[in-house]
1. Add +1 for every Lys or Arg and -1 for every Asp or Glu among the other residues with Cβ under 9 Å from the Cβ of R41, and state the total.
2. If you line up the Cα atoms of the chain on their principal axes, what length do they span on each, largest first, in Å?
3. Please give me, ordered by residue number, the chymotrypsin sites (Phe, Trp or Tyr not before Pro) of the range 44-143 that lie in loop per DSSP and have at most 14 other Cβ atoms within 10 Å.
4. Relative contact order (percent) for the chain, with alpha-carbon contacts under 8 angstrom and 6 or more residues of separation?
5. Given the rule -39500 (n - 2.57) for each run of at least 4 DSSP H residues, summed and divided by the residues of the chain, what is its mean residue ellipticity at 222 nm, to the nearest 500 deg cm²/dmol?
6. How big is Rg to Rh over the range 82-143, alpha-carbon atoms, Rh as the Kirkwood inverse-mean-distance radius?
7. On a 23 Å Cα-Cα criterion, which of the cross-link pairs K19/K128; K10/K39; K39/K128; K10/K107; K107/K143 come out too long?
8. Separation between the K128 and Q9 pseudo-spin-labels, each 7 Å from Cα along Cα→Cβ, expressed in nm?
Amino acid sequence: MIIDKEIQQKVERMFSSKKRTMGDALGLEYLVVSRNEVKARMPVNENTIQPFGILHGGASVALAETLASIGAYINLESESKHAVGLEINANHIKPVREGNHVVGIAKPIHRGSQTQVWEIRIETENGKLVSISRCTLAILDKK
């Protein structure tokens with residue numbers, strides 16, 4: 001995994017939890033975690049397909065929101081804040097059959113003090129667009 005040096009400790013704290021997460025259930029392999037990009041690979045398998053043997057749209061949206069949430073967390077300026085999903089939309093463009101992998105690439109559109117907006121492209125391993133999402137996250141005070 002490629003990690004920006006300045007955010008190394010934040011990433012280590014995030015991934016050090018022993019709790020299993022949605023990312024674990026989806027089989028995510030994180031490739032890049034930085035302030036400007038979060039990238040992960042996901043298998044299209046029994047955990048991520050719908051009954052017709054193709055990638056489930058819900059798995060694509062879960063991948064998209066996971067990447068946007070990690071990106072938002074990495075960009076928080078204070079440990080007294082956290083980011084939570086406010087809205088996500090997705091357009092599913094191309095089916096992907098079981099036995100393949102997809103790659104999600106999240107990039108920030110807006111990084112404000114109260115909201116962040118991220119665009120997430122999900123592509124085949126050879127770069128064909130599978131799904132595109134936009135996720136808005138609210139920046140809140142921790143309770």
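Here, each number is a calculation from the coordinates, and none is a lab measurement. Values in this document were obtained by computation on a predicted structure and should not be read as measured data. Because the Cβ atoms are built from the backbone with ideal geometry, glycine has one as well, and the counts that use them run over all protein chains shown.
1. Spelling it out: positives minus negatives among the neighbours equals -1.
2. Extents along the principal axes, in whole Å: 44, 28, 27.
3. Here the chymotrypsin sites (Phe, Trp or Tyr not before Pro) that fit, given the DSSP loop and packing criteria, are F52.
4. Computed value for the chain: 24 percent relative contact order.
5. Estimated from H runs of four or more residues: -6500 deg cm²/dmol.
6. Answer for the range 82-143: 1.10.
7. K19/K128; K107/K143
8. It works out to 4.6 nm between the two label points.
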